[in-house]
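Please read the structure below before turning to the comments.
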Amino acid sequence: MTFDIASPPRQGGEARYDPAGDMTDSTGLLEVRDLAVHFHSAEGTFKAVDGVSLTIRKGETLGIVGESGCGKSVTALAVMGLIPRPPGEIAAGQILFEGEDLARKSASELRQIRGNRISMIFQEPMTSLNPVHTVGDQIAEGIMLHQKVGKAEARMRAVEMLKLVRIPAPERRIDDYPHQLSGGMRQRVMIAIALACQPRLLIADEPTTALDVTIQAQILELMRDLRDRTGTAIMMITHDLGVIAELAHRVVVMYSGRVAEEASVADLFNDPQHPYTLGLLGSIPKLHVEEERLATIEGTVPNPYSMPTGCRFNPRCPFAIERCRVEAPPLREVRPGHRSACWRAPLEEHVL
Amino acid sequence: MLLIGFLLLQVVPTDPATVLAGPTATPAEVQALRESMGLDKPVWLQFVLYLGRVLQFDLGRSMISNTAVIEEIGNTIGPTIELMLASLVWAVPLGILLGTLAAVRRGQLLDRVIMAFSVAGVSMPIFWFGLILIQYVGTALELLPFQGRGGPLWSLDGLRHIVLPAVTLGGVFVGPVARMTRTALLDVLGADYVRTARAKGVAEGSVVMHHALRNAMIPIVTLVGLQIGFLLGGAVVTETMFAWPGVGRMAVGAITSADFPLAQGAILILAVSFIAINILVDVLYAMLDPRIARR
Ligand SMILES: Nc1ncnc2c1ncn2[C@@H]1O[C@H](COP(=O)(O)OP(=O)(O)OP(=O)(O)O)[C@@H](O)[C@H]1O
Ligand SMILES: [Mg+2]
């Protein structure tokens, strides 16, 4: 997958990426294995992520859903090597990216990967750009850093990137400061920064949550279009199952620092195999209509310092049996390509 | 400010006419002098008249030397500006450097040491610090002169003379600047755009300098600006202590000798410089923050 955004744009058109390489490639681009991230504080050790495994293949979009505090962002930050230390720590597990374990890499090795082969966009477009630097400088910074090009060249590419994310009059906008742009525009700039070095993996942590509904749709549309053109794999973190349905190929449902269920989008929506997912689907927000939070399930997220024994969902679970209260269920394959961490899966045996 | 300076001198229990007339004058002579100075008029009228003269740059004449106050100020303002600049030029960068180190090493030994020093610096009276310098560097070791101004700054003697006063006046400023820098930087280091910079793969040093400190400068400049009054007050003490021929020492001399026009003029000029410095801070602020510059 080579693409050259530095080449002059074709007349009036946008810079064009070559279409993605082999999207059906089944080798894992990112393989997270039994990742544990702990935060240490006076009250004790908080296991924000406690044994998460997931795989993203080349060019694939993996959705990650789960209610607030379940460890989605922490998982993403761990992949980026951005867990603040202290108080955080990658306590166990592997983060294999193109075969290399990021959890074992030094800070400077990680810096060469961050913003280059893996990049990230965040939920808060209003505050994620530096107010004292122009957007052009902020896009160019990463390009100069990772591609070892000069200022003029980087600036040219920054204009290309603005064009790519469909910001009108990019030659003028490049000298704007963030406060001169709307929220949607700023998120486009964030996407431009993230894609500037043609990453293999883009982590998008709730990229549309903070935006207006119409802008949300535009940004999602843009992301999908760019993904299809660049072949970048995406880890799409969201509360919004509508976004998952729109963009993702596969989904990982997280609950309380663990993976509850993993399946293709169709399987997850049509045949959920974890009671927690059932609950989520019961509260699916209509796409682009209104921002609704998922957590309309009875009960609350467990107290991090006194986790229930056995399955962490058992106090809220209508299907819970004695075993669920004693023994934590492993993630196991219920159907081909469909895994659930529930003793009672497949669930349809218990309903009706 | 003008009014406060004026009123302050009104409540001083000394009668300027008595002072001016001298100890041998008769009450009738004093009364005549008072009338000629306009001191028999109501206070508000005196103020209005004073204001009118100030607007014409007529600050009156010194009661003791009989030179025009404006001229006295002209002679002393240079050394004061010199002293202030010589103090700021090392104290502000050092304070910012220490504050940055403390913020980056937050909670570690270096942070604690720097903060302990800056607390000591903040709570240390300026005259005490100056006296220690005079005692050890000036008197005991005889390393540097501590009386007066040796000459223009570009001469070796001028430089040697300014060191101790500038260290004294700047010394009390390092601590506050370090504290403000640390607070502002810690605040900014948690900002989302700093995380964005790290996510780009920017090295930590550049994250701090290019992204965080550049933003932290905005509150730092504001806070430093707010401390300017403190610095002016410090200049008065420092100048007196080191016999530095500036406005501050002149003001103190004028007040102790009840030279009212001169004291009023000195207070006025200190007030004006306070305002001027604040305007300068605003300009700087606008330069640092594009959200203001572009408005
Ligand atoms: N720097 C930190 N120090 C201590 N605890 C942290 C830190 N960062 C995250 N956590 C904790 O880790 C847990 C998981 O947080 P995370 O941000 O991953 O949740 P999330 O799933 O992304 O939620 P949301 O949907 O609200 O973004 C939370 O309970 C949070 O309090
Ligand atoms: Mg999050």
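Numbers at a glance
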read-out: Residue within segment A:75-87 that is in a strand (DSSP E or B), touching a helix residue (DSSP H, G or I) at 6+ places or on another chain (Cβ under 8 Å) and within 16 Å of ligand 2 (Cβ to nearest atom) present; value: no
read-out: Some residue of segment A:162-172 being more than 16 Å from ligand 2 (Cβ to nearest atom), within 11 Å of chain B (Cβ to nearest Cβ), open to solvent by 10 Å² or more (accessible area, probe 1.4 Å) and at pLDDT 90 or above; value: no
read-out: The one condition in (1) polar (S, T, N, Q); (2) touching a residue at least 40 places away in the same chain (Cβ under 8 Å); (3) within 14 Å of chain B (Cβ to nearest Cβ) that residue A:108 fails to fulfil; value: (2)
read-out: Top-ranked residue in segment B:55-86 [being outside any loop (DSSP other than H, G, I, E, B) and of a type in the set (Asp, Glu); ranked as farthest from residue B:255 (Cα to Cα)]; value: B:82
read-out: Subset tally (residues that are at pLDDT 90 or above, open to solvent by less than 20 Å² (accessible area, probe 1.4 Å) and acidic (Asp, Glu)) for segment A:30-82; value: 1
read-out: In segment A:111-132, the residues that are open to solvent by less than 20 Å² (accessible area, probe 1.4 Å) and either more than 7 Å from every other protein chain (Cβ to nearest Cβ) or touching a strand residue (DSSP E or B) at 6+ places or on another chain (Cβ under 9 Å) (or both); value: A:113, A:118, A:119, A:120, A:121, A:122, A:125, A:128
read-out: Residues within segment B:243-291 that are crowded, with 24+ Cβ neighbours inside 10 Å and more than 15 Å from the chain's Cα centre (by Cα), tallied; value: 6
read-out: Scope segment A:328-345; condition open to solvent by 50 Å² or more (accessible area, probe 1.4 Å) and in contact with a Leu (Cβ under 8 Å, 6 or more places away or on another chain); matching residues; value: A:339
read-out: Among residues of segment A:203-218, those that are among the aliphatic types (A, V, I, L, M) and either in the same structural domain as residue A:171 (by TED's automatic domain parsing) or surrounded by 24 or more Cβ atoms within 10 Å (Cβ to Cβ) (or both), counted; value: 2
read-out: Check on residue B:183, more than 14 Å from chain A (Cβ to nearest Cβ) and at pLDDT 90 or above; value: yes
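Table: residues versus (1) on the phi > 0 side of the Ramachandran plot; (2) at pLDDT below 85; (3) part of a loop (DSSP other than H, G, I, E, B).
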site	(1), (2), (3)
A:243	no, no, no
A:262	no, no, no
A:266	no, no, no
A:272	no, no, yes
A:277	no, no, no
A:285	no, yes, yes
A:291	no, yes, yes
A:295	no, yes, yes
A:303	no, yes, yes
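The values are calculated or read from the model by the stated rules, or taken from the named source; none is laboratory data. Keep in mind it's a predicted model, so treat the numbers as computed, not measured. Cβ coordinates were reconstructed from backbone atoms using ideal geometry, including for glycine residues, and neighbour counts include every protein chain displayed. To get the accessible areas, we keep the full protein, side chains included, count just its heavy atoms, and leave off ligands, DNA and RNA. Shrake-Rupley method; radii C 1.70, N 1.55, O 1.52, S 1.80 Å.
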